[in-house]
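Participant: Pasting in a structure now, in structure tokens, and then I'll have a few things to ask.
The values are calculated or read from the model by the stated rules, or taken from the named source; none is laboratory data. Everything numeric in this text was worked out from a predicted model, so none of it was measured. Counting neighbours? That spans all protein chains shown, and the Cβs are built from the backbone with ideal geometry, glycine included.
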Amino acid sequence: MEFFAWSMIAAGIGMGLGSFGTGIGQGLAIKSACEGVARNPGASGKIMTTMMIGLAMVESLAIYVFVVAMIILFANPFTAQVVELLNK
Amino acid sequence: MTHPFLVLQWLAEKLHLNVLIHNADSLKAVVYAWLVMAILIALAFVAGRSAKLVPSGLQNLMEAIIVGIEDLIVETMGPKGRAYFPLLASFALFILCANLIGLIPGLYPPTANLNTNAALALTVFVMTHIVGFKEHGFSYLKHFMGPVLALAPLIFVIELIGHIARPLSLTLRLFGNMYGHEIVLMIFILLVPFLMPVPMMLMGVLVAFIQAFVFTLLAMIYIAGALEEAH
């Protein structure tokens with residue numbers, strides 16, 4: 001049973017760590033984009049597009065963590081083995 | 001995390017079409033992907049049936065969307081990119097509609113399933129290399145070689161990994177966003193069924209537009225990368 005408790009803890013902490021780093025990264029990107037638009041409002045369209053691509057790239061890291069967390073929670077590959085060991 | 005109620009499954013049950021009731025996740029996505037396709041085809045047919053020189057109503061809206069996508073393509077890929085307009089516009093419209101129907105209660109967004117997204121991303125992947133070979137012939141392989149011939153084997157491996165990571169990241173980004181949104185919505189509905197999910201649904205509109213935009217933009221950039229000359 002402990003295995004499943006640790007799985008949940010791992011998923012939660014992993015998601016927290018993943019979104020922590022991604023949050024800092026996206027914040028830095030948006031900060032620079034805001035500064036750029038403030039200095040040169042004419043380039044806002046181009047800055048917006050570039051920022052969107054960059055944000056999507058950064059965000060995919062958090063998405064990978066999310067997918068791994070979902071695999072740990074709902075599609076854990078070791079569930080069958082652990083249940084088998086428990087039933088012994 | 002399953003939907004409590006889905007319109008097409010309910011309809012199939014009422015009509016005794018047992019083939020469609022198997023609640024396999026991928027089949028659900030396929031059924032709703034066909035629904036999105038039907039909506040888009042019907043919309044295009046209605047808008048284009050009586051095309052006038054001075055557009056009004058639906059035709060006006062569709063023309064605005066088409067011109068917007070074309071401007072974006074020309075801005076990112078240059079005038080050469082116009083040839084790939086049908087593919088890229090289909091991606092944009094299909095993904096946008098597929099994301100947005102998830103916000104209607106009783107409908108399931110097909111992009112919240114890994115298989116739909118993998119199909120879309122693999123189309124981009126294959127199309128990129130077809131375009132590259134068509135444009136450059138066999139000198140397209142220079143894209144993978146890097147500037148110095150002596151380092152070619154090393155760079156080839158790195159480029160290969162980079163190219164294989166592209167469909168993976170395209171798939172997982174769209175899937176993670178849509179599936180994550182679904183799960184958050186389900187959890188909020190379980191906790192507080194009244195009014196509480198509305199802010200999350202508003203954010204879902206934003207996510208739907210941004211993800212459709214990002215997918216299309218990345219597809220444009222990958223195809224533009226295959227079009228340009230090797231350095």
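Participant: Right, B:Met196: surrounded by fewer than 19 Cβ atoms within 10 Å (Cβ to Cβ), away from every other protein chain (no Cβ under 14 Å) and in contact with a His (Cβ under 9 Å, 6 or more places away or on another chain) or not? Lay out the reasoning, then the answer.
Facilitator: Working: surrounded by fewer than 19 Cβ atoms within 10 Å (Cβ to Cβ): yes; away from every other protein chain (no Cβ under 14 Å): yes; in contact with a His (Cβ under 9 Å, 6 or more places away or on another chain): no.
The answer is no for B:Met196.
Participant: Look at the range B:191-210 and say how many of its residues are free of Cβ contacts under 8 Å to residues at least 24 places away in the same chain and either polar (S, T, N, Q) or closer than 22 Å to A:Val67 by Cβ (or both). If you could, list the steps in order and put the result at the bottom.
Facilitator: As a first pass, look at the range B:191-210 and keep what is free of Cβ contacts under 8 Å to residues at least 24 places away in the same chain: B:191-200, B:202-203, B:206, B:210.
If we keep only those that are either polar (S, T, N, Q) or closer than 22 Å to A:Val67 by Cβ (or both) too, we end up with B:200, B:203, B:206, B:210.
Looking only at that region, the number is 4.
Participant: Has the range B:28-37 got at least one residue that is out of contact with any Ser or Thr (no Cβ under 7 Å at 6 or more places or on another chain) and at pLDDT below 75?
Facilitator: Pass one, the range B:28-37, residues out of contact with any Ser or Thr (no Cβ under 7 Å at 6 or more places or on another chain): B:28, B:30-32, B:34-37.
Okay, now just the ones that are also at pLDDT below 75, so none.
The answer is no, given that none of the residues of the range B:28-37 is out of contact with any Ser or Thr (no Cβ under 7 Å at 6 or more places or on another chain) and at pLDDT below 75.
Participant: Kindly indicate which of B:Leu160, B:Leu174, B:Leu154 is surrounded by 18 or more Cβ atoms within 10 Å (Cβ to Cβ) and in a helix (DSSP H, G or I).
Facilitator: On the way: B:Leu160 fails: surrounded by 18 or more Cβ atoms within 10 Å (Cβ to Cβ); B:Leu154 fails: surrounded by 18 or more Cβ atoms within 10 Å (Cβ to Cβ).
Residue meeting the stated conditions: B:Leu174.
Participant: Is one or more of the residues making up the range A:53-61 within 14 Å of chain B (Cβ to nearest Cβ) and touching a residue at least 40 places away in the same chain (Cβ under 8 Å)?
Facilitator: Looking only at the range A:53-61, we keep the residues that are within 14 Å of chain B (Cβ to nearest Cβ), and these are A:53-61.
Of the ones still in play, those that are also touching a residue at least 40 places away in the same chain (Cβ under 8 Å) are A:61.
Yes: the range A:53-61 contains one or more residues that are within 14 Å of chain B (Cβ to nearest Cβ) and touching a residue at least 40 places away in the same chain (Cβ under 8 Å).
Participant: Being part of a helix (DSSP H, G or I), of a type in the set (Val, Ile, Thr) and free of Cβ contacts under 8 Å to residues at least 40 places away in the same chain is true for just one of B:Ile221, B:Ile187. Which residue is that? Before you say what the answer is, go through the steps one by one.
Facilitator: Numbers: B:Ile221 fails: free of Cβ contacts under 8 Å to residues at least 40 places away in the same chain.
When all the criteria are applied, what remains is B:Ile187.
Participant: Checking the condition more than 30 Å from B:Leu72 (Cα to Cα), at pLDDT below 90 and of a type in the set (A, V, I, L, M), which residue from A:Leu61, A:Leu86, A:Leu55, A:Leu17 passes? Steps first, answer last, please.
Facilitator: Values: A:Leu61 fails: more than 30 Å from B:Leu72 (Cα to Cα); A:Leu55 fails: more than 30 Å from B:Leu72 (Cα to Cα); A:Leu17 fails: at pLDDT below 90.
Result of the check over A:Leu61, A:Leu86, A:Leu55, A:Leu17: A:Leu86.
Participant: Also, quick follow-up: Kindly list the number of the only condition in (1) more than 14 Å from chain A (Cβ to nearest Cβ); (2) surrounded by fewer than 16 Cβ atoms within 10 Å (Cβ to Cβ) that fails for B:Leu185.
Facilitator: Here B:Leu185 meets the rest and fails (2).
Participant: Looking at the range A:79-86, is at least one residue surrounded by 15 or more Cβ atoms within 10 Å (Cβ to Cβ) and out of contact with any Pro (no Cβ under 8 Å at 6 or more places or on another chain)? So that I can check it myself, show each step before the final result.
Facilitator: Here is the first cut: in the range A:79-86, the residues surrounded by 15 or more Cβ atoms within 10 Å (Cβ to Cβ) are A:82.
Keeping just the survivors that are out of contact with any Pro (no Cβ under 8 Å at 6 or more places or on another chain) gives A:82.
The answer is yes; a qualifying residue exists.
Participant: Taking the stated definitions as given, is A:Gly23 away from every other protein chain (no Cβ under 14 Å), modelled with pLDDT of 85 or more, closer than 24 Å to B:Ala212 by Cα and under 16 Å from the mean Cα position of the chain (by Cα)? Even if it seems obvious, please write down each step before you answer.
Facilitator: On the way: away from every other protein chain (no Cβ under 14 Å): yes; modelled with pLDDT of 85 or more: yes; closer than 24 Å to B:Ala212 by Cα: yes; under 16 Å from the mean Cα position of the chain (by Cα): yes.
Here the answer is yes, as A:Gly23 does meet what is asked.
Participant: Oh, and also: Restricting the range B:208-231 to residues that are over 13 Å from the mean Cα position of the chain (by Cα) and aliphatic (A, V, I, L, M), which is farthest from the other protein chains (Cβ to nearest Cβ)?
Facilitator: Applying the first criterion (over 13 Å from the mean Cα position of the chain (by Cα)) to the range B:208-231 yields B:221-231.
Still in the list and also aliphatic (A, V, I, L, M): B:221, B:223-224, B:226-227, B:230.
Details: B:Ile221: 7, B:Ile223: 14, B:Ala224: 12, B:Ala226: 17, B:Leu227: 18, B:Ala230: 22 Å.
Out of the qualifying residues, it is B:Ala230.
Participant: Next question. Within 13 Å of another protein chain (Cβ to nearest Cβ), touching a helix residue (DSSP H, G or I) at 6+ places or on another chain (Cβ under 7 Å) and among the hydrophobic types (A, V, I, L, M, F, W, C) - does that describe any residue in the range B:157-170?
Facilitator: There is at least one residue in the range B:157-170 that is within 13 Å of another protein chain (Cβ to nearest Cβ), touching a helix residue (DSSP H, G or I) at 6+ places or on another chain (Cβ under 7 Å) and among the hydrophobic types (A, V, I, L, M, F, W, C).
Participant: If you don't mind, there's one more thing I want to ask. Of B:Ala92, B:Ala112, B:Ala64, B:Ala119, which residue is touching an Asp or Glu at 6+ places or on another chain (Cβ under 6 Å) and either closer than 27 Å to B:Met203 by Cα or in contact (Cβ under 8 Å) with a residue 12 or more places away in the chain (or both)? Give the steps one after another, and end with the answer.
Facilitator: Numbers: B:Ala92 fails: touching an Asp or Glu at 6+ places or on another chain (Cβ under 6 Å); B:Ala64 fails: touching an Asp or Glu at 6+ places or on another chain (Cβ under 6 Å); B:Ala119 fails: touching an Asp or Glu at 6+ places or on another chain (Cβ under 6 Å).
Checking each option against the conditions leaves just B:Ala112.
Participant: Limited to the range B:93-119, what total is found for residues that are surrounded by 20 or more Cβ atoms within 10 Å (Cβ to Cβ) and more than 14 Å from chain A (Cβ to nearest Cβ)? Even if it seems obvious, please write down each step before you answer.
Facilitator: So the first thing to find is which residues in the range B:93-119 are surrounded by 20 or more Cβ atoms within 10 Å (Cβ to Cβ), and the list is B:93-99, B:102, B:108-113, B:116-117.
Now drop any that are not more than 14 Å from chain A (Cβ to nearest Cβ), which leaves B:93-94, B:96-99, B:102, B:108-110, B:116.
Here the count works out to 11.
Participant: Also: In the range B:45-84, what count of residues is obtained for those that are more than 14 Å from chain A (Cβ to nearest Cβ), loosely packed, with under 14 Cβ neighbours inside 10 Å and within 28 Å of B:Ala226 (Cβ to Cβ)?
Facilitator: 5
Participant: So which helices (runs of 4 or more DSSP H) stay within the range B:11-129 end to end and still have 2 or more residues that are closer than 22 Å to B:Ile210 by Cα and charged (D, E, K, R)?
Facilitator: Details: elements: B:18-21, B:25-49, B:58-77, B:85-100.
Ranges flagged: B:58-77.
Participant: Another question about this same structure. Only one of (1) touching a helix residue (DSSP H, G or I) at 6+ places or on another chain (Cβ under 9 Å); (2) at pLDDT 85 or above; (3) surrounded by fewer than 17 Cβ atoms within 10 Å (Cβ to Cβ) fails for A:Gly45. Which number is that?
Facilitator: (2)
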